[in-house]
Amino acid sequence: MKKILITGGAGFIGSHLSKRLLDEGNYVICLDNLYSGSKKNIEILLKNPNFKFVEYDVTDKYFSEVNQIYNLACPASPIYYQKNPIKTLKTSVLGIINMLELAKENNASILQASTSEIYGNPNIHPQVESYFGNVNPIGIRSCYDEGKRCAETLMFDYKREYNTDIKVARIFNAYGPNMAINDGRVVSNFIVQALRNEPITIYGDGSQTRSFCFVDDILDGLIKLMNSKYSGPYNLGIPCENTINEIAKIIMELTNSHSKIVYKELPKDDPVKRKPDISLAQKDLSFNPKVPLITGIKKTVEYFKEII
Ligand code: UDP
């Protein structure tokens with residue numbers, strides 16, 4: 001039985017990962033300060049004797065005996081991470097330093113949940129791992145983008161200096177059940193608005209694109225990477241690209257919504273397009289995301305129907 005630490009374990013991806021790793025027979029320690037995560041996401045896991053929840057902020061040092069660390073702690077939605085930008089940056093930077101120290105002390109493997117945001121507003125399309133990105137270092141998204149970039153730097157510096165067993169996954173727009181109802185990201189916003197027959201808020205003209213990957217597929221990639229001999233970085237996402245207008249249409253149809261569309265101002269530095277090149281993860285990790293958008297959105301709609 002492996003002892004696995006998940007920071008941000010009560011969050012959207014973290015809660016699914018906790019469940020999956022418990023189901024696979026591991027002991028899971030979940031650290032979360034519940035800023036954007038929620039105890040509701042892990043309620044069912046709390047009864048499991050192999051699950052331990054610790055309300056904790058990763059900017060503080062933490063010690064425990066562990067074999068693997070998944071560092072997921074950080075608010076990931078623009079609304080949340082921009083609320084307290086300095087705290088966001090500290091969470092990424094101090095958080096990964098504390099977790100890398102823990103990995104070093106335990107001789108444990110550590111995976112950093114990085115993001116497509118490290119490519120910023122990309123000049124090459126689709127994005128490959130060798131692309132260094134186009135990030136504004138002083139904008140409103142920088143607290144997240146630069147924090148995540150710095151965390152990647154620290155991962156590779158620990159590998160070079162201490163031979164720490166690191167793994168970096170760059171996650172592209174994950175969605176699914178357990179997203180917070182007021183998360184502010186496009187899939188959860190549109191589903192909640194559509195179910196309530198409230199206006200669907202499209203920012204800008206809706207022509208910007210993203211590639212939306214269902215959470216189960218992201219979990220496959222994370223676990224495969226953690227248990228591989230590779231460090232990455234690897235793009236984890238689905239190479240299907242949709243405009244935000246298309247997402248609105250799909251969600252309105254699947255929910256039989258009477259919502260109207262309203263166009264709002266595009267937030268500053270909002271990337272125009274984004275799509276992962278996943279050939280590297282396909283080759284090295286046999287990572288093959290398989291949940292079609294419609295199937296994933298349907299499952300997410302069911303979840304929100306239940307909690308609204
Ligand atoms: N977006 C939108 N309406 C919303 C929320 C988001 O049009 O209610 C847009 C947002 O401007 C961006 C895209 O949807 O272009 C994806 O936004 P999200 O916050 O989900 O992810 P990220 O921008 O971090 O990829």
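Computed over the chain, the per-residue total of -39500 (n - 2.57) for DSSP H runs of n ≥ 4 gives a 222 nm mean residue ellipticity of -12000 deg cm²/dmol, rounded to 500. Neighbours of LYS273 by Cβ distance under 11 Å: Lys/Arg scored +1, Asp/Glu scored -1, total +1.
Taking only protein heavy atoms and a 1.4 Å probe, the accessible area of the range 27-70 is 48% carbon and sulfur. Within a straight-line Cα-Cα reach of under 23 Å, LYS268 can be paired with the following lysines, leaving aside sequence neighbours fewer than 8 residues apart in one chain: LYS83, LYS87, LYS90, LYS148.
Can you give the local net charge around PHE132? Use residues other than it whose beta-carbon is closer than 15 angstrom to its beta-carbon, Lys and Arg +1, Asp and Glu -1.
So the environment of PHE132 carries a net charge of -3.
Computed on the range 193-308, the Cα convex hull volume stands at 116 Å³ per residue.
Accessible surface for the chain, divided over its residues, is 44 Å² per residue with a 1.4 Å probe. Of all DSSP-defined beta bridges confined to the chain, some 5% are antiparallel rather than parallel. Converting the Cα gyration tensor eigenvalues of the chain into ellipsoid dimensions via √(5λ) gives semi-axes, longest first, of 30, 22, 18 Å. Here's how it looks for ASN136: its modeled amide H is under 5 Å from those of ASN121, which are all 5 or more places away or on a different chain. Couplings for the range 232-242, taken from phi via the Karplus curve 6.51 cos²θ - 1.76 cosθ + 1.60 with θ = phi - 60°, read x, x, 10, 6, 10, x, 10, x, 10, 10, 10 Hz in order; Gly and Pro are left as x.
Highest mean packing first, where packing is the average number of other Cβ atoms within 10 Å per residue, the peptides 83-90, 275-282 line up as 275-282, 83-90. When peptides 32-40, 57-65 are sorted by average Cβ neighbour count within 10 Å, with the highest value leading, the order is 32-40, 57-65. A simple count of charges around ASN33, restricted to other residues whose Cβ falls under 13 Å of its Cβ and scoring Lys, Arg +1 and Asp, Glu -1, yields -1. Based on a Kirkwood Rh over C-alpha pairs, give the Stokes-Einstein translational diffusion coefficient of the range 147-211 at 25 °C and viscosity 0.890 mPa s in µm²/s. The diffusion coefficient I find is 163 µm²/s. To the nearest 10, the accessible area of VAL135 is 30 Å² with a 1.4 Å probe.
By how many degrees, 0 to 90 and rounded to 10, does the Cα axis of helix 244-254 deviate from the longest principal axis of the chain? Taking the Cα atoms of the chain, the angle to 244-254 is about 80 degrees. Couplings 3J(HN,Hα) for the range 282-289, derived from phi with the Karplus relation 6.51 cos²θ - 1.76 cosθ + 1.60 (θ = phi - 60°), are 5, 6, 7, 10, 6, 7, 9, x Hz, where x marks Gly and Pro.
Per atom type, the range 190-267 shows carbon and sulfur on 51% of its accessible surface, probed at 1.4 Å. Residues whose amide H falls under 5 Å from that of PHE53, counting only those 5 or more places apart or on a different chain, are CYS30, with hydrogens built in the peptide plane. Here the Karplus curve 6.51 cos²θ - 1.76 cosθ + 1.60, taken at θ = phi - 60°, turns the phi angles of the range 266-273 into couplings of 6, x, 4, 6, 5, x, 6, 8 Hz, with x standing for Gly and Pro.
The values are calculated or read from the model by the stated rules, or taken from the named source; none is laboratory data. These numbers come from a predicted model, not from an experiment. Virtual Cβ from ideal backbone geometry, glycine too; neighbours counted across all protein chains shown. With ligands, DNA and RNA removed, areas are computed over all heavy atoms of the protein, side chains included. Shrake-Rupley method; radii C 1.70, N 1.55, O 1.52, S 1.80 Å.
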